[in-house]
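Q: I am attaching a structure below and will ask some questions about it afterwards.
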Amino acid sequence: LRNNLGVEVYGIIGYEIFSRFVVEINYDENKLIFYEPHYFTPKSYYKVLPLSVEGTKPFIQVPITQTNGKKVDAKLMVDTGASHAVLFEVGTDPDLVLPENVLRTSLGRGLGGDIAGDIGRLKTIKLDKFVFKDVLASYPEDGAYKRTRDDGRNGTLGGEILTRFNPVIDYFENKLYLRKSEE
(Lines give C-alpha, C1' and ligand atoms only; values in the text may rest on other atoms or scores of the structure.)
Protein backbone atom coordinates (compact mmCIF):
# COMPACT_ATOMS: atom_id res chain seq x y z
CA LEU A 1 0.00 0.00 0.00
CA ARG A 2 2.89 2.37 0.67
CA ASN A 3 3.91 2.23 -3.01
CA ASN A 4 0.40 3.23 -4.13
CA LEU A 5 -0.51 5.75 -1.44
CA GLY A 6 2.88 7.26 -0.59
CA VAL A 7 2.42 6.76 3.16
CA GLU A 8 2.91 3.80 5.46
CA VAL A 9 -0.34 1.87 5.86
CA TYR A 10 -0.46 -0.98 8.34
CA GLY A 11 -3.94 -2.15 7.49
CA ILE A 12 -7.43 -1.15 6.50
CA ILE A 13 -10.42 -1.27 8.80
CA GLY A 14 -13.39 -2.28 6.72
CA TYR A 15 -16.54 -4.32 6.60
CA GLU A 16 -15.28 -7.11 8.88
CA ILE A 17 -15.06 -4.61 11.76
CA PHE A 18 -18.05 -2.42 10.86
CA SER A 19 -20.28 -5.49 10.54
CA ARG A 20 -19.41 -6.58 14.09
CA PHE A 21 -19.25 -3.30 16.01
CA VAL A 22 -20.72 0.16 16.13
CA VAL A 23 -17.68 2.30 15.36
CA GLU A 24 -17.05 5.83 16.62
CA ILE A 25 -14.29 7.78 14.91
CA ASN A 26 -13.25 10.38 17.46
CA TYR A 27 -11.13 12.79 15.44
CA ASP A 28 -10.82 15.15 18.45
CA GLU A 29 -8.93 12.52 20.43
CA ASN A 30 -7.45 10.58 17.48
CA LYS A 31 -9.01 7.30 18.47
CA LEU A 32 -11.48 4.67 17.36
CA ILE A 33 -14.05 3.40 19.82
CA PHE A 34 -15.74 0.06 19.22
CA TYR A 35 -19.11 -0.66 20.83
CA GLU A 36 -20.88 -3.97 21.11
CA PRO A 37 -24.08 -3.23 19.17
CA HIS A 38 -26.47 -4.27 21.94
CA TYR A 39 -24.68 -1.96 24.43
CA PHE A 40 -24.57 1.14 22.23
CA THR A 41 -27.00 3.92 23.09
CA PRO A 42 -26.80 7.00 20.87
CA LYS A 43 -26.52 10.35 22.62
CA SER A 44 -29.46 12.71 22.23
CA TYR A 45 -27.24 15.43 20.73
CA TYR A 46 -26.27 13.32 17.70
CA LYS A 47 -27.70 14.30 14.34
CA VAL A 48 -28.78 11.16 12.52
CA LEU A 49 -28.56 10.33 8.83
CA PRO A 50 -30.05 7.15 7.37
CA LEU A 51 -27.31 4.78 6.25
CA SER A 52 -27.76 1.91 3.82
CA VAL A 53 -25.26 -0.92 3.67
CA GLU A 54 -25.17 -2.49 0.23
CA GLY A 55 -22.91 -5.49 -0.03
CA THR A 56 -20.10 -4.29 2.22
CA LYS A 57 -20.31 -0.54 1.52
CA PRO A 58 -22.11 2.23 3.49
CA PHE A 59 -24.15 4.85 1.60
CA ILE A 60 -26.01 8.03 2.50
CA GLN A 61 -28.32 10.30 0.49
CA VAL A 62 -27.41 13.98 0.70
CA PRO A 63 -28.91 17.00 -1.02
CA ILE A 64 -26.40 19.07 -2.97
CA THR A 65 -26.72 22.31 -4.88
CA GLN A 66 -24.30 22.87 -7.73
CA THR A 67 -22.90 26.25 -8.77
CA ASN A 68 -25.33 26.31 -11.72
CA GLY A 69 -28.21 26.10 -9.21
CA LYS A 70 -29.22 22.53 -10.08
CA LYS A 71 -30.02 20.33 -7.11
CA VAL A 72 -29.30 16.62 -6.85
CA ASP A 73 -30.16 14.17 -4.10
CA ALA A 74 -26.78 12.42 -4.31
CA LYS A 75 -26.12 8.86 -3.24
CA LEU A 76 -22.63 8.91 -1.71
CA MET A 77 -20.51 6.09 -0.38
CA VAL A 78 -19.06 6.99 3.02
CA ASP A 79 -15.30 6.59 2.61
CA THR A 80 -13.47 7.33 5.86
CA GLY A 81 -10.13 6.63 4.19
CA ALA A 82 -10.52 9.18 1.40
CA SER A 83 -8.85 12.55 1.93
CA HIS A 84 -11.16 14.57 -0.35
CA ALA A 85 -14.32 16.30 0.86
CA VAL A 86 -16.59 14.90 -1.80
CA LEU A 87 -16.07 13.21 -5.14
CA PHE A 88 -18.68 13.09 -7.91
CA GLU A 89 -18.93 10.95 -11.01
CA VAL A 90 -20.62 13.23 -13.53
CA GLY A 91 -22.16 10.51 -15.74
CA THR A 92 -24.19 8.97 -12.91
CA ASP A 93 -27.07 11.51 -12.96
CA PRO A 94 -28.25 13.73 -15.82
CA ASP A 95 -28.40 16.75 -13.47
CA LEU A 96 -24.92 16.19 -12.05
CA VAL A 97 -22.54 18.32 -14.10
CA LEU A 98 -18.96 19.51 -14.02
CA PRO A 99 -18.78 23.07 -12.62
CA GLU A 100 -18.03 25.84 -15.11
CA ASN A 101 -14.75 26.74 -13.41
CA VAL A 102 -12.51 23.77 -12.74
CA LEU A 103 -8.84 23.09 -12.30
CA ARG A 104 -7.41 20.08 -14.14
CA THR A 105 -5.20 18.12 -11.75
CA SER A 106 -4.21 14.80 -10.30
CA LEU A 107 -6.84 14.12 -7.65
CA GLY A 108 -4.57 11.74 -5.78
CA ARG A 109 -3.73 8.10 -5.54
CA GLY A 110 -6.05 5.30 -4.65
CA LEU A 111 -5.54 1.59 -4.31
CA GLY A 112 -5.92 1.38 -8.09
CA GLY A 113 -3.25 4.01 -8.76
CA ASP A 114 -3.35 7.66 -9.89
CA ILE A 115 -6.72 9.40 -10.22
CA ALA A 116 -6.81 12.20 -12.80
CA GLY A 117 -9.63 14.72 -13.04
CA ASP A 118 -10.87 18.16 -12.11
CA ILE A 119 -11.48 20.11 -8.93
CA GLY A 120 -14.34 22.58 -8.75
CA ARG A 121 -16.69 24.19 -6.27
CA LEU A 122 -20.00 22.84 -5.06
CA LYS A 123 -22.46 25.51 -3.91
CA THR A 124 -23.77 23.50 -0.93
CA ILE A 125 -23.87 20.04 0.55
CA LYS A 126 -26.20 19.35 3.46
CA LEU A 127 -25.76 16.72 6.17
CA ASP A 128 -28.85 17.00 8.37
CA LYS A 129 -28.67 20.54 9.82
CA PHE A 130 -25.03 21.02 8.79
CA VAL A 131 -24.66 22.96 5.56
CA PHE A 132 -21.26 23.26 3.90
CA LYS A 133 -20.83 26.05 1.35
CA ASP A 134 -18.35 26.43 -1.51
CA VAL A 135 -16.94 22.95 -0.94
CA LEU A 136 -14.06 21.81 -3.13
CA ALA A 137 -15.35 18.79 -5.00
CA SER A 138 -13.35 16.27 -7.00
CA TYR A 139 -14.52 15.08 -10.41
CA PRO A 140 -12.46 12.16 -11.72
CA GLU A 141 -12.11 11.79 -15.46
CA ASP A 142 -14.10 9.00 -17.02
CA GLY A 143 -12.44 5.66 -16.23
CA ALA A 144 -9.89 7.07 -13.74
CA TYR A 145 -11.91 6.11 -10.68
CA LYS A 146 -12.40 2.36 -10.64
CA ARG A 147 -15.42 0.77 -9.03
CA THR A 148 -15.92 -2.95 -8.61
CA ARG A 149 -19.61 -2.78 -9.68
CA ASP A 150 -22.31 -0.27 -10.53
CA ASP A 151 -24.03 0.39 -7.22
CA GLY A 152 -25.98 3.48 -8.28
CA ARG A 153 -23.78 5.90 -6.40
CA ASN A 154 -22.99 9.39 -7.55
CA GLY A 155 -19.70 9.58 -5.69
CA THR A 156 -18.10 9.45 -2.26
CA LEU A 157 -18.10 11.49 0.92
CA GLY A 158 -14.56 11.67 2.27
CA GLY A 159 -12.43 12.73 5.21
CA GLU A 160 -12.30 16.47 4.51
CA ILE A 161 -15.96 16.64 5.58
CA LEU A 162 -16.06 13.64 7.95
CA THR A 163 -13.22 15.07 10.09
CA ARG A 164 -15.49 18.02 10.93
CA PHE A 165 -17.45 15.53 13.03
CA ASN A 166 -16.88 12.65 15.38
CA PRO A 167 -19.05 10.23 13.42
CA VAL A 168 -20.51 6.97 14.67
CA ILE A 169 -21.17 4.37 12.01
CA ASP A 170 -23.88 1.88 12.94
CA TYR A 171 -24.47 -0.86 10.38
CA PHE A 172 -26.93 -2.58 12.75
CA GLU A 173 -29.42 0.29 12.93
CA ASN A 174 -28.49 1.65 9.48
CA LYS A 175 -27.55 5.04 10.87
CA LEU A 176 -24.71 7.51 10.64
CA TYR A 177 -24.56 9.62 13.81
CA LEU A 178 -22.85 13.00 13.60
CA ARG A 179 -21.50 15.13 16.42
CA LYS A 180 -19.67 18.31 15.48
CA SER A 181 -15.94 18.10 16.12
CA GLU A 182 -14.35 20.54 18.55
CA GLU A 183 -11.61 21.47 16.08
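Q: I'd like to verify a number: residues in segment 24-58 that are among the small types (Gly, Ala, Ser), assigned to a loop (DSSP other than H, G, I, E, B) and within 18 Å of residue 79 (Cα to Cα), how many?
A: The qualifying residues number 1.
Q: Does segment 75-95 include one or more residues that are closer than 17 Å to residue 172 by Cα and not in a strand (DSSP E or B)?
A: no
Q: Quick one: in segment 64-92, of everything that is of a type in the set (D, E, K, R) and open to solvent by less than 40 Å² (accessible area, probe 1.4 Å), which residue is farthest from residue 165 (Cα to Cα)?
A: Of everything passing the filter in segment 64-92, 89 is farthest from residue 165 (Cα to Cα).
Q: Okay, moving on. Which of the residues belonging to segment 52-63 are touching a Lys or Arg at 6+ places or on another chain (Cβ under 7 Å) and either open to solvent by 60 Å² or more (accessible area, probe 1.4 Å) or more than 30 Å from residue 17 (Cβ to Cβ) (or both)?
A: 61, 63
Q: Restricting to segment 119-134, name every residue that is free of Cβ contacts under 8 Å to residues at least 60 places away in the same chain, surrounded by 15 or more Cβ atoms within 10 Å (Cβ to Cβ) and within 14 Å of residue 160 (Cβ to Cβ).
A: 119, 121, 122, 132
The values are calculated or read from the model by the stated rules, or taken from the named source; none is laboratory data. No experiment lies behind these values; they were computed from the predicted model shown. Using ideal geometry, Cβ is built from the backbone for each residue, glycine included, and neighbour counts are taken over all protein chains shown. Remember, those area values only see protein heavy atoms, side chains included, never the ligands or the DNA or RNA. Shrake-Rupley method; radii C 1.70, N 1.55, O 1.52, S 1.80 Å.
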